[in-house]
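Quick notes on the structure that follows.
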Amino acid sequence: MVLAKGDATSGAILLVCLDRGVHHALLERMPDGAGSVSWQRVGPESREPQAIADYLVRRRRIDPDLWLVELDIAGVEQFTAEMTGVG
């Protein structure tokens, strides 16, 4: 589900990854230093819903072009490991 629309051509993308409604990770496409992009974990260490909500509000205030996309995925641990390359 799209939680917030950003700029259609230049907006960054932040994935809010859940498993059956429980927060697991925030992933963002970021430059990797080698001229390409990779998905990296971002956000607060806490998985508390209020900490996550506060982080997302701050990010949108700083970057109104940011896309927030929520994914509720069975087996989200495997998904995030594959996306970030961290097993």
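The values are calculated or read from the model by the stated rules, or taken from the named source; none is laboratory data. Just so it is clear, the structure is predicted and the values come from calculations on it, not from any experiment. All Cβ positions, glycine included, derive from the backbone under ideal geometry; neighbour counts span all protein chains shown.
A quick yes/no check of all residues on (1) surrounded by 15 or more Cβ atoms within 10 Å (Cβ to Cβ); (2) among the small types (Gly, Ala, Ser):
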| residue | (1), (2) |
| --- | --- |
| 3 | no, no |
| 8 | no, yes |
| 28 | yes, no |
| 37 | no, no |
| 47 | no, no |
| 51 | no, yes |
| 85 | no, yes |
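Given (1) at pLDDT 95 or above; (2) exposed (fewer than 11 other Cβ atoms within 10 Å of the Cβ), identify the lone condition not met by residue 33.
(1)
Just a yes or no: is a residue in region 71-78 touching a helix residue (DSSP H, G or I) at 6+ places or on another chain (Cβ under 6 Å) and surrounded by 14 or more Cβ atoms within 10 Å (Cβ to Cβ)?
In the first step, residues of region 71-78 are kept if they are touching a helix residue (DSSP H, G or I) at 6+ places or on another chain (Cβ under 6 Å); the result is 73.
This time we only want the ones that are surrounded by 14 or more Cβ atoms within 10 Å (Cβ to Cβ), so: 73.
Yes: one or more hits.
Go through 81, 53 for me and flag whichever is under 13 Å from the mean Cα position of the chain (by Cα) and outside any loop (DSSP other than H, G, I, E, B).
Testing whether each residue is under 13 Å from the mean Cα position of the chain (by Cα) and outside any loop (DSSP other than H, G, I, E, B) leaves just 53.
Within region 1-23, can you find the residues that are assigned to a loop (DSSP other than H, G, I, E, B), under 22 Å from residue 49 (Cα atoms) and in contact (Cβ under 8 Å) with a residue 60 or more places away in the chain?
1, 5, listed by residue number.
Being basic (Lys, Arg) and over 16 Å from residue 70 (Cα atoms) is the filter here; which residues of region 22-58 pass it?
58
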